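Okay, so here's the structure we're looking at.
Read-outs: derived from the displayed coordinates by stated rules, not from any lab. In this text, all values refer to a predicted model and were calculated from it rather than measured experimentally. Ideal geometry is used to build each Cβ from the backbone, glycine not excepted, and the neighbour counts take in all protein chains shown.
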Amino acid sequence: RARPRWTRRWRAWQALSPSLWRTFQMVIPAAIISSFLGSMNGFVLARWRFKGADLGIRLGLLADSTLVARRICEVERVVCAAPEYLRKHGTPRKPADLRGHNCLSMADAPALRRWPFEGRGGVDQVEVAGNVAATSADALLALALRGLGIIRLSDVIVGEAIRAGRLVPVLEAVHHRE
């Protein structure tokens, strides 16, 4: 399969992490990317399109049906923490234990502060709280790597740190696949 040779400038919303951009640049090396960090609903996306954006990448469901969307990959959110954090504060054994932990979350997505787990009667949602809410997943990752709390982020973002042993998945037995 031939690689496309695109030379136009791309403005793309960075929803996952720089690791996504590394992959994108390998597939389309001539693409020029400028990113936007933050929450992007359909209205903001539509306004942004008129400013010259050719591509938007969004994590989650697209509520505005006037926009054209194509699924490019499946991602899974992983609850994890640095070994240092778990040594200091203990490892949560059940979802309710998270209420006693510093859970770092996305500031612009309140729904992402409700972490789903498999329960006896279906999916149980645990409302988490912590001392940091950020608009950047990369900021949350950096804080978690420094042992400052538990995060629930996409496997695309945390996968490398987990493989390197710098983050440890927790509550895997009750993990809910979305």
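List of remarks:
- Cα gyration tensor shape for the stretch 77-178, rounded if a/c is under 1.5, else prolate or oblate: rounded
- Taking label points 7 Å from Cα along the Cα-to-Cβ direction, Asn131 and Arg177 give a separation of 3.7 nm.
- Annotation: extensible slack from Arg163 through Cys73 equals 30.4 nm (criterion: 0.36 nm per residue apart, minus Cα-Cα distance).
- Distance between modelled label sites at Arg99 and Ala30, nm, 7 Å Cα→Cβ extension: 5.8 nm
- At full extension, Ala111 and His89 could sit 5.4 nm farther apart than now, given 0.36 nm per residue minus the alpha carbon distance.
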